[in-house]
Every structure is written in C-alpha cells, then in structure tokens.
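What follows is one structure encoded as structure tokens, with my remarks underneath.
Readers should treat all values here as calculations from the given coordinates under stated rules, not as data from a laboratory. Computed from a predicted model, the values in this text were never measured in an experiment. Glycine also receives a Cβ, built like all others from the backbone with ideal geometry; neighbour counts cover every protein chain displayed.
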Amino acid sequence: MWTQASALLLLFACCFRPAEAQNDGSRRQSIWDDPIQFKTKENDLCTMIVTGQREYTRLRLSCQSNERSYWCEYVGKPYTCRSYNKNPRHFFVQMMWGLRKLRNACQAPRQIQPHMCRKATEESQMVFSSASFSRSWPEDPSRTSPRPQPARPRPTAPTGPDSARQTSTKASRVSPSVRITQRTSPQPTTPPEESNAKRIARQYCWRSLQGICSFIIGLFRN
C-alpha cells in the first residue's frame with residue numbers, strides 16, 4: 001500500500017512541476033505582466049507598459065535619467081495583425097529596437113508599425129496619442145502644395161446699345177486728317193459705253209484684228 005502511495009506522489013510531482021514551471025514561463029513572457037525595459041542613445045532608462053487587449057491597446061513609454069524625465073503614449077489595434085496574435089510581446093520588442101536608437105524615445109514617428117506586421121493594414125499601427133511635452137508633425141505635402149488658380153476669362157467685345165454708343169464715341173474721336181482722307185477718296189467711275197463699231201468688230205472679227213476692224217467700220221459708218 002505504501003508502495004502505491006509513493007508511486008502516486010512521485011507521478012504527481014513529475015507532472016505538476018513542469019506544468020507549473022511552464023505557466024510561470026508564459027507569465028514572465030507576457031507583455032501585460034512583464035514590462036519591457038531598455039536604454040536610449042542618451043542613456044535614458046525607459047519602460048514600456050502595455051494595457052488593453054480588446055478594442056484598443058495602449059502603450060505607455062516612461063523614460064528618466066539623472067537630468068530629465070518624460071513620457072508618451074501610443075494607441076492602436078495591433079490584434080488586427082495575425083503575427084501579433086501569435087507573439088504579442090515580440091511586436092513591442094521590435095518597436096523597442098527602433099526606440100532605443102533615439103536620443104529621446106518619445107521623438108519617434110507618429111505612426112509605428114513593426115516589421116513583423118509590415119504587410120498588415122494600417123489599423124494595426126501604433127499611433128501617437130499624447131506626451132509630457134508638445135510635439136509638432138510635418139504637414140502632408142499634398143495639403144500644402146499650392147492649388148492651381150483658375151484662368152481668368154478674357155474680355156469679350158460688348159454687344160447691344162451700349163456697344164454701339166461706344167463705337168460712335170470712338171469714331172467721333174478720329175483725327176480730322178483721317179476724316180478728310182476718307183471723304184476725299186476717289187469714287188469708282190462707271191466704264192464708258194461700248195460703241196457700235198467695237199461691238200460689231202468684236203462679233204465678226206478675230207480678236208487680234210478687232211482694233212483695225214472697229215476703226216474701218218467706224219469710217220464707213222461716219
């Protein structure tokens with residue numbers, strides 16, 4: 001009987017302890033229970049604390065050194081990335097790799113998307129929310145580019161009674177020399193009537209002899 005009890009106790013110890021150790025290991029790797037710490041280029045000690053696992057995930061980054069301290073927050077929906085759901089902690093570890101290269105960890109880009117979710121939608125990005133100091137972002141070039149101005153319509157010639165009045169006014173301002181030139185221009189004269197001798201010569205004589213024929217016919221008719 002003691003042998004059976006000892007065997008059960010030994011079996012329980014062998015099965016329970018690895019499971020407990022595994023649970024402790026997963027708890028240590030949890031991003032919500034074990035914050036990520038790193039140092040920046042200026043040797044600021046920073047801590048990344050992640051909260052929220054449903055609608056929005058919030059990242060609070062706190063940094064301090066002997067000379068300064070600051071914080072900032074990022075908000076997003078990283079769970080929309082399939083790779084994030086497999087290893088959430090590695091998502092923020094990849095963020096940390098970029099933040100530790102900065103002099104100020106809160107001077108990171110406005111939107112951060114780790115490499116493991118580079119093919120995911122923009123919804124999975126972590127977006128800057130607030131900070132302990134004011135930040136300014138460069139404006140979108142498409143918004144600041146000057147818009148083309150509409151072409152101004154060209155003036156058209158006026159029509160109607162007002163235009164006739166303006167035309168008469170302009171005509172009255174013409175210099176006297178122009179008016180005199182227009183009045184003294186020679187009028188076209190009507191061609192003289194053709195004589196009977198020329199008409200008969202044109203009808204009955206060759207074209208080269210019409211002058212002689214008309215002269216002879218004129219002598220006979222006179």
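Data table
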{"read-out": "Residues (part of a strand (DSSP E or B) and either over 23 Å from Q53 (Cβ atoms) or over 23 Å from the mean Cα position of the chain (by Cα) (or both)) located in segment 89-137", "value": "M126, S129, S130, A131"}
{"read-out": "Conditions (1) out of contact with any Leu (no Cβ under 9 Å at 6 or more places or on another chain); (2) charged (D, E, K, R); (3) surrounded by 14 or more Cβ atoms within 10 Å (Cβ to Cβ): number failed by E73", "value": "(1)"}
